[in-house]
Amino acid sequence: MVKRDTRSAPAARPRPSNPSQREAIDSRRLPLYAAGEIDVPFAVMGSAEVIPRDTFWEEHSHPTHELLWNQRGASSATVGTRVWTITPTVGLWLPAGTRHSGWTPAGTWHRAAQFGVHAVPSVSDRPVAMEVTPLLRLLLDRLDADGLASGERSRTEAMVFDLLSPAEHELLLHLPESPLLAPIVAAVREDPADATTLAVWAARLGVSSRTITRAFRSETGLGFSRWLATARVQHAVAMLARGDEIDEVAACVGYHSASAFGVAFRRITGLSPGRFRAQ
């Protein structure tokens with residue numbers, strides 16, 4: 001779910017935390033389809049896979065609408081310069097024909113459901129974070145079960161359609177593309193704990209702090225501080241999803257205390273780190 005260039009590659013293909021694992025990355029290729037290009041015989045069809053190795057999904061698109069979520073772990077999907085984090089409770093709806101790439105760490109229990117364009121109108125005409133409730137997960141699991149009678153399937157599908165709803169909070173990071181901001185984006189994506197201040201970046205780049213702030217707002221809708229916090233929280237979500245301790249996560253993403261990290265995390269996600277990990 002990413003463009004393969006120097007600006008988007010870090011988002012699409014994060015560096016494994018263990019250097020010895022960097023050679024063990026799978027790269028998967030899937031076709032590019034236009035919306036409805038293939039007339040599928042189903043309304044909803046699910047898939048599930050426990051990902052054995054860090055996996056990069058090269059840019060592709062489906063003839064169907066797609067809902068991505070995880071049974072376990074956190075992954076990411078990228079459309080253009082936008083990077084969404086996908087968890088067990090916050091999924092991603094991709095309208096049919098949307099080009100996207102993805103990153104799925106080893107051990108993630110990856111889930112997906114394809115929706116025929118003939119059977120359900122798109123929830124949104126653009127990618128949008130989706131609330132994945134326990135009831136929605138149970139209904140999607142039921143559709144994957146063998147031996148479901150036609151009437152039972154139709155009723156279950158109707159309930160699934162009723163439950164599809166955009167999430168209140170989406171774990172979304174916009175990646176600036178301007179050459180001015182490229183060094184900042186690269187540094188933060190490489191090390192979320194990078195403590196370089198706005199003033200120091202301005203001095204390095206030979207511009208004013210106000211120029212950098214204006215550029216971030218123009219390209220992402222966020223000021224530098226809020227963009228940095230969002231980038232850090234995206235990284236933190238992946239660490240929490242694999243079971244890392246909150247104090248360790250806070251330090252790894254640049255916060256001097258778990259309480260300061262908790263405030264930033266709650267502002268972005270609407271949940272405390274502890275509550276997020278417990279979901």
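The values are calculated or read from the model by the stated rules, or taken from the named source; none is laboratory data. Just so it is clear, the model here is predicted, and its values are computed rather than measured. In this analysis, Cβ positions are derived from the backbone assuming ideal geometry, glycine residues included, and neighbour counts consider all displayed protein chains. What goes into the accessible areas is simple: the full protein's heavy atoms, side chains included, and nothing from ligands, DNA or RNA. Shrake-Rupley method; radii C 1.70, N 1.55, O 1.52, S 1.80 Å.
Laid out as a table, the results:
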| read-out | value |
| --- | --- |
| Centre separation in Å (Cα based) which lies between region 145-172 and region 208-240 | 34 Å |
| Alpha-carbon Debye profile of region 63-139, log10 I(q)/I(0) at 0.11, 0.22, 0.23 Å⁻¹ | -0.25, -1.02, -1.10 |
| Added length on full extension, which subtracts the Cα-Cα distance from 0.36 nm per residue, Ser208 to Ser225 | 4.6 nm |
| Selection from Ala202, Pro88, His62, by position along the positive dipole direction of the chain (Cβ) | Ala202 |
| Residue with peak Gaussian network fluctuation, the chain [Cα springs, cutoff 10 Å], from Arg204, Arg153, Arg189 | Arg204 |
| Added length on full extension, which subtracts the Cα-Cα distance from 0.36 nm per residue, Glu58 to Val263 | 70.3 nm |
| Charge tally in the Cβ shell below 14 Å around Gly243, where Lys, Arg are +1 and Asp, Glu are -1, Gly243 excluded | -1 |
| For Ala231, net neighbour charge (Lys/Arg +1, Asp/Glu -1) across residues whose Cβ lies under 12 Å away | 0 |
| Choice from Arg155, Arg142, Arg29 with maximal GNM fluctuation in the chain (Cα, 10 Å cutoff) | Arg155 |
| At R0 = 35 Å, FRET efficiency that the Cβ-Cβ distance of Arg126 and Val200 yields, to 0.05 | 0.45 |
| DSSP bridge orientation in the chain - percent antiparallel, rounded to nearest 5 | 90 percent |
| Longest site-free stretch - the chain; sites: GluC sites (Glu not before Pro), DSSP loop, at most 11 other Cβ within 10 Å | 24-167 |
| Using a Förster distance of 25 Å, the FRET efficiency for Glu37-Phe161 (Cβ separation, nearest 0.05) | 0.65 |
| Descending Cα extents along the principal axes, the chain, whole Å | 66, 37, 37 |
| Protein-only accessible surface order, largest first, of Ser257, Ser76, Ser218 at 1.4 Å | Ser218, Ser257, Ser76 |
| Mean Cα-pair separation over length for the chain, i.e. relative contact order, pairs under 8 Å, 6 or more apart, % | 17 percent |
| Structure-based [θ]222 nm, the chain - -39500 (n - 2.57) summed over DSSP H runs of at least 4, per residue, nearest 500 | -10500 deg cm²/dmol |
| Distance from region 30-57 to region 103-118 (C-alpha centre basis), Å | 7 Å |
| Percent RCO, i.e. relative contact order, over region 158-271, from Cα pairs under 8 Å lying at least 6 residues apart | 29 percent |
| Net +/- balance of residues flanking Phe42 in space, Cβ distance below 14 Å, scoring K and R +1, D and E -1 | -3 |
| Relative contact order (%) - region 25-93, alpha-carbon pairs under 8 angstrom, separation at least six | 32 percent |
| Gaussian network model of the chain, springs between alpha carbon atoms under 10 Å - residue of Gly102, Gly221, Gly206 with greatest fluctuation | Gly206 |
